[in-house]
Amino acid sequence: MSESDSSDEELVEILFPTLIAFSLVSPKIILNKLQGFVRNIQWSTKDVTELFKALLERFESTTQDRSHLFSWMLNMLQCIEINYITPGWKSQTGKTLIQLVRDKSVTDEHLKKNVADAPEKSLDEILEEIRQQKLNHIDDKLLKDVRDIVSAVDEDLTSPSDGSQRNDLKKVLLNLCRAVEESLKFRPRLTQMVSWCIMALSRTGQLIQVGTGEGKSCIIAMFAAFRALKGEEVDIFTSSPVLAERDFLEWKGFYNVLKIRVNCNTNKQVEHLKECYECKVVYGTAEAFAGHWLGKRFERIDTFEQRKFQCAIVDEVDSLMLDKGNHFVYIASDMPALQHLNPLLAFIWTTAKKYSNGFRQYIYSDTESKVRAAEEEIKHALHFTPCELNEDRIACYVPGFLADLVNSKLKVWIENAFEAQTMKQDHEYTLEKHGIVPVDYSSTGVVENFRVMQDGRQQFLEMKHKYKLSDMTAITNYMSNVGLFMKYKDQIFGISGTLGQQAETDTLEKIYEGVKTCQIPAFKRRKLFEVEGVIVSDEEEWIEEICKAVLAETNPTPYRAQRAVLVICETIQ
């Protein structure tokens, strides 16, 4: 027997007689609700029993009419459940839930309002949650230092003190918080200051999980300013040029208060990039940083200057360092000789369409067999010059110096021709005036205007939509996201809404040596929780219980009673 089953039986044994004694219409529904507290919200059987008895006493003290006890009790328990009230919860006045329930001066409405209010967590609560997280690599000494710094700064922020008596990181954090207040008119939360401290106290890289809506951009800006004030160059990576531009403009005033030069490297002409990379803090995308570095290194474009890879701050770590870790930026050179491949690509496209749309689609049931059949037909028609003219009705001639390239890539091109037929417009690509543009549909949904699809996909989509056919290009130099981040060695810092499970964090720590991970709790009590599944053995009995309870409370006419039962059954089914 599992521990939860044992608790359920114990609860039934203790409370069922009381439920019957109070003549509750449907004791089973109330009991299920109380058992849910034990299974899902960390209540003990003893605490649940005490709470239930306190609620009964509260109801009895206000009225002697028990006809509405069921709906009142269900309403109260529902309010406690949806607000995820644990036994250790305390109201803003410092009272526990059971103390509030027993306080006769607190009305029901005021009680529910207290339960629904979600005050910000205290510093001790935040640090304790961090300590309890299994995936965190944070020792007690670091948490002690964090507590010392944040408590001192929080005290100075709530008092008229100028912080002149503080030293080192306390004074730096205080100045950063006041710069945020001055420029953006809000005060950083405790969770944001804790996140900043963990990164500032780390000698090597730190990847932090911070939930959506918890103020990631504030943490990033404050930490970037901290490193910039130490004289370092800071590169901030975002998942799209739109986000990079947004964050740069939003936090530009903050950096100005601190007299730190900041810029954004997206959507800039070459002549403006040199000025951009002279700034201490640069917002941008991995593609822009990698492209500009490749341009400086291999094409001698004077934009990246002598910028050093001193500190990287990555927004949305999971997207850039895991999901898009294998994405790369390349320098592609136009080679006139590759235009001789266009007739072959057109022949591949025509053959692929024939196997997808003609009668052959019924002969070959799956894509793999269609690819094999198309490849066989194309190879039969393919001839490398110089050669004699073939008398066959269908033939495709390609210069002999391209034979090695064609033989190694032919199958890939054929597979991509079939794939291009199923690719969806405005999902995987979009049509623009200047041509076919890919869309990062699986990750960010960003239209990638400066990217060209490889291995024939671009050309096949151009044929599909009757656009001017572009020539293939040859990749000469490239840089992947992983290669770019590894240039920063152990000075990679990142913020993300999710770092994934143990396997994902292990992968990150393995690829980027010296980087550690940490999860920061929400600044308010979390109300969303997963309910443990319950198997209903007798559905008809369960529906009957609910119907009885509803009908007993509402006391409807026979016609309305019949309609109510039908609605309940339809809803449940």
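Observations on the structure shown:
- Of all residues making up the range 278-290, the number that are without any contact (Cβ under 8 Å) to a residue 40 or more places away in the chain and crowded, with 21+ Cβ neighbours inside 10 Å: 0
- Elements of type helices (runs of 4 or more DSSP H) contained in the range 91-156, each with 1 or more residues being within 26 Å of residue 59 (Cβ to Cβ) and of a type in the set (S, T, N, Q): 97-102, 108-116
- Criterion (open to solvent by 10 Å² or more (accessible area, probe 1.4 Å), closer than 21 Å to residue 339 by Cβ and charged (D, E, K, R)) met by exactly one of 424, 466, 489: 466
- Only one of the listed residues (446, 482) is surrounded by 15 or more Cβ atoms within 10 Å (Cβ to Cβ), touching a residue at least 60 places away in the same chain (Cβ under 8 Å) and more than 21 Å from residue 294 (Cα to Cα). That residue is 446.
- Residue 255 modelled with pLDDT of 90 or more, farther than 22 Å from residue 185 by Cβ, surrounded by 17 or more Cβ atoms within 10 Å (Cβ to Cβ) and of a type in the set (Ser, Thr, Tyr): no
- From the list 45, 18, the one residue that fits, being surrounded by fewer than 16 Cβ atoms within 10 Å (Cβ to Cβ), within 26 Å of residue 114 (Cβ to Cβ) and either over 35 Å from the mean Cα position of the chain (by Cα) or at pLDDT below 80 (or both), is 18.
- Residue 174, sole failed condition from (1) modelled with pLDDT of 90 or more; (2) under 29 Å from the mean Cα position of the chain (by Cα); (3) open to solvent by less than 30 Å² (accessible area, probe 1.4 Å); (4) closer than 17 Å to residue 200 by Cα: (2)
- Failed item in (1) under 30 Å from residue 226 (Cβ atoms); (2) loosely packed, with under 14 Cβ neighbours inside 10 Å; (3) in contact (Cβ under 8 Å) with a residue 24 or more places away in the chain, with residue 504 passing the rest: (2)
- Exactly one residue out of 53, 28, 33, 90 is open to solvent by 50 Å² or more (accessible area, probe 1.4 Å), within 30 Å of residue 120 (Cβ to Cβ) and either charged (D, E, K, R) or modelled with pLDDT under 80 (or both), and it is 90.
- Selected residue (only one of 145, 124, 162 is at pLDDT 85 or above, more than 30 Å from residue 32 (Cα to Cα), surrounded by fewer than 12 Cβ atoms within 10 Å (Cβ to Cβ) and of a type outside the set (Ser, Thr, Tyr)): 124
- Restricting attention to the range 427-443, the residues that are open to solvent by 50 Å² or more (accessible area, probe 1.4 Å) and among the polar types (S, T, N, Q) total 2.
- Candidates 378, 363, 394: the one that is more than 30 Å from residue 299 (Cβ to Cβ), at pLDDT 90 or above, over 40 Å from the mean Cα position of the chain (by Cα) and β-branched (Val, Ile, Thr) is 378.
- Of the residues examined, residue 100 is not one that is at pLDDT 80 or above and open to solvent by 30 Å² or more (accessible area, probe 1.4 Å).
- Number of the condition not met by residue 275 [criteria: (1) under 23 Å from residue 207 (Cα atoms); (2) over 29 Å from the mean Cα position of the chain (by Cα)]: (1)
- Leading residue by the ranking (nearest to residue 317 (Cα to Cα)) among those in the range 199-223 that are open to solvent by 20 Å² or more (accessible area, probe 1.4 Å) and β-branched (Val, Ile, Thr): 212
- Scanning the range 62-77 for residues that are open to solvent by 50 Å² or more (accessible area, probe 1.4 Å) and in a loop (DSSP other than H, G, I, E, B) yields a count of 2.
- Subset of the range 129-142 (residues that are in contact with a helix residue (DSSP H, G or I) (Cβ under 9 Å, 6 or more places away or on another chain) and either surrounded by fewer than 13 Cβ atoms within 10 Å (Cβ to Cβ) or under 19 Å from residue 85 (Cβ atoms) (or both)): 131, 134, 140
- Qualifying positions in the range 293-306 - over 13 Å from residue 477 (Cβ atoms) and either open to solvent by 30 Å² or more (accessible area, probe 1.4 Å) or more than 34 Å from the chain's Cα centre (by Cα) (or both): 302, 305, 306
- Condition met for residue 121 (touching a residue at least 24 places away in the same chain (Cβ under 8 Å), out of contact with any His (no Cβ under 6 Å at 6 or more places or on another chain) and basic (Lys, Arg)): yes
- Filtered by the rule that a residue be open to solvent by less than 60 Å² (accessible area, probe 1.4 Å) and out of contact with any Phe, Trp or Tyr (no Cβ under 9 Å at 6 or more places or on another chain), the range 396-413 gives 410, 412.
- Within the range 253-297, the set of residues being aromatic (Phe, Trp, Tyr) and under 17 Å from residue 450 (Cβ atoms) comprises 289, 293.
- Filtered residues of the range 92-147 (kept if basic (Lys, Arg) and within 15 Å of residue 208 (Cα to Cα)): 131, 134
The values are calculated or read from the model by the stated rules, or taken from the named source; none is laboratory data. Treat the numbers as computed from the prediction; the structure is a model and nothing was measured. Cβ coordinates were reconstructed from backbone atoms using ideal geometry, including for glycine residues, and neighbour counts include every protein chain displayed. In case anyone asks, the SASA skips ligands and DNA or RNA and just uses the protein heavy atoms, side chains included. Shrake-Rupley method; radii C 1.70, N 1.55, O 1.52, S 1.80 Å.
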